[in-house]
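The values are calculated or read from the model by the stated rules, or taken from the named source; none is laboratory data. Nothing here was measured: the structure is a model prediction, and the numbers come from that model. Please note: Cβ atoms are built from the backbone with ideal geometry, for glycine as well, and neighbour counts cover all protein chains shown. These accessible areas exclude ligands, DNA and RNA; they are computed on the full protein's heavy atoms, side chains included. Shrake-Rupley method; radii C 1.70, N 1.55, O 1.52, S 1.80 Å.
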Amino acid sequence: MQFTELNLAPALLKAIADKGYTSPSPIQEQAIPGILAGRDLMAAAQTGTGKTAGFTLPLLQLLSDGSKVQPNQARALILTPTRELAAQVAQSVADYSKYLPLKSTVVFGGVKINPQMMALRRGVDILVATPGRLLDLYQQNAVRFTQLEVLVLDEADRMLDMGFINDIKKIIALLPKKRQNLLFSATFSADIRKLAKGLVFDPLEVSVSPENSTAERVEQCVYPVDKGRKAALLTQLVLDNNWQQVLIFTRTKHQANKLSTHLGNVGINAAAIHGNKSQNARTKALADFKKGSIRALVATDIAARGLDIDQLPQVVNYELPNVAEDYVHRIGRTGRAGAAGHAISLVCADESKELAGIERLIKQSLPRETVPGFEPVNKVPTLPVNTKPYKPKKPKQKKFGPAGTARSNQSISKTRTN
Ligand code: AMP
């Protein structure tokens, strides 16, 4: 299929051509006609599938036909779980709308609120936001939703994981009843379906990749190693393989800092991103990583969620995640858009249970590799893969403040991000 067959305006086709895309991705083929027809949508799609253009292109086309936006109003609201994802979606909106007379802006926590209030003053056609900051802006009368036509919830599963459910409900209650709703989620869990019930009306359901299929197009392996030898093994792997751009996951902010310092000390330019870093520091680290002046980016799960780094060749799990699904999200950072990717996991004996959980989720045994000199004293057992269906762990509901609600992204990242 060609983009020209999707009934998109010439201004959008020109912006698509500028991006160098030749044909629509499967999610775009399926979602764009339905959204243009005004349908609600429930889409199972992960980052890397082209989902952002899948909702942004038809959204821009719909908005370019409607009425002019009034001061402090937004005609479309795109909610995302993290600041990084918000910034990336906003960039896509800006790229695709460059030949259209539409205004857009992005708001998220961790940076000054005043410039965001100024940006909203004359109204915007598209507002990209994280939930906490959006509610703050609403309470300060900086934004109103009487003109709102479309709501997009991006990475809805992650929003629920991060405890945003109350904020999302509050925001939905502020919106006009008559509107178009587009819900994107990596998976349709029971919780997502529950959320969808009160949100979408007679939705078009599309699914572009079966659950956890990312795992199939990424070459993965495990290096069993003693805990105290992980940093040395990682250093050797980076140097021996001459990795120039490697994303490394740790479980805690402390470990991310410690490892980033260690890598710097052995001559591998590194930076850490996590919830305790200022927004500016995070944006700078990501930009430096993208342009190649930082070779290793060490991140916690939430900080890394949704990062769009084109053709990232190498992902390392320095520590396995607590929740097996996060493994799939992590390795989804590599092997984007069909390109081959590599993901390795440094696993110590303490992590055997997490490893078994991951293998059960992805329904495969991960090959083991060793580097001479790093054979573990404490062995990591290779168990047969448990073939019983994997049951997702229920995320713990955290309480934020007296009302028990998650109020701002900052409070979230302080409490939930490790
Ligand atoms: P997303 O899943 O929205 O995060 O997009 C993943 C990546 O795919 C981004 O870098 C997009 O720029 C890119 N992309 C989106 N649509 C297409 C397309 N039709 N052809 C090629 N690349 C695309």
For the chain, what is the accessible area per residue in Å² when the probe is 1.4 Å?
44
Placed amide H near Asn386: partners under 5 Å, 5+ positions off or other chain
Arg360
FRET efficiency for Arg121 and Met1, using Cβ-Cβ distance with R0 set to 41 Å, rounded to 0.05
0.50
In order over the range 363-376: 3J(HN,Hα) from phi, Karplus 6.51/-1.76/1.60, θ = phi - 60°, whole Hz, x for each Gly or Pro, gives 6, 7, 8, 7, x, 9, 10, 9, 10, x, x, 10, 5, x
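Using 0.36 nm per residue of separation minus the Cα-Cα distance, give me the extension gain between Lys388 and Ala349 in nm, one decimal.
Numbers: separation 39, 0.36 × 39 = 14.04 nm, distance 2.32 nm.
Here the segment from Lys388 to Ala349 would lengthen by 11.7 nm.
Heavy atoms only, 1.4 Å probe, whole protein assembly: order Thr382, Thr334, Thr47 by accessible area, highest first.
Details: Thr382 95, Thr334 0, Thr47 25 Å².
Result of the area sort, largest leading: Thr382, Thr47, Thr334.
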Rounding to the nearest 10 and keeping the result within 0 to 90°, find how far the Cα-based axis of helix 10-19 lies from the longest principal axis of the chain.
20
Over all directions, what mean area does the Cα convex hull of the range 151-284 project, stated in square nanometres?
11.8
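With the Cα gyration tensor of the range 1-129 giving a ≥ b ≥ c as the square roots of its eigenvalues, does the rule (a/c under 1.5 for rounded; else a/b larger than b/c for prolate; else oblate) give rounded, prolate or oblate? The partial results should precede the final answer.
On the way: a/c = 1.85, a/b = 1.48, b/c = 1.25.
Prolate, since a/c reaches 1.5 and a/b exceeds b/c.
Given a cut-off of 29 Å, name the pairs among Lys258/Lys291; Lys98/Lys170; Lys103/Lys177; Lys51/Lys98 whose C-alpha atoms lie farther apart than that in the structure shown.
Working: Lys258/Lys291 23 Å; Lys98/Lys170 32 Å; Lys103/Lys177 24 Å; Lys51/Lys98 19 Å.
Listed pairs above 29 Å: Lys98/Lys170.
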Can you give the FRET efficiency for Tyr21 and Val371, using 1/(1 + (r/R0)^6), R0 = 41 Å, r = Cβ-Cβ distance, to the nearest 0.05?
0.55
Principal axis dimensions, largest first and in whole angstrom, of the range 73-210 by Cα
40, 33, 29
How large is the helix-only mean residue ellipticity at 222 nm for the chain, computed as the sum of -39500 (n - 2.57) over DSSP H runs with n ≥ 4, divided by its residue count, in deg cm²/dmol to the nearest 500?
-11000 deg cm²/dmol
Using amide H atoms built in the peptide plane, which far-off residues or other-chain residues are under 5 Å from Leu204 H to H?
Asp40, Leu41, Met42
Inverse of <1/r> over all distinct C-alpha pairs of the chain, i.e. the Kirkwood Rh in Å, gives 22.2
Gain in span if fully extended, His254 to Asp202, counting 0.36 nm per residue against the direct Cα distance
14.1 nm
In nanometres, the difference between 0.36 nm per residue of separation and the alpha-carbon distance of Thr261 and Asp65 is 65.4 nm
Most mobile listed residue (Arg144, Arg133, Arg229) in the chain, GNM with C-alpha springs under 10 Å:
Arg229
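If r is the Cβ-Cβ distance from Val111 to Thr146 and R0 is 22 Å, what FRET efficiency results, to the nearest 0.05?
Working: r = 27 Å, r/R0 = 1.22.
Efficiency, rounded to the nearest 0.05: 0.25.
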With label points set 7 Å from each Cα along the Cα-to-Cβ direction at Lys170 and Asn241, the distance between them in nm comes to 4.4
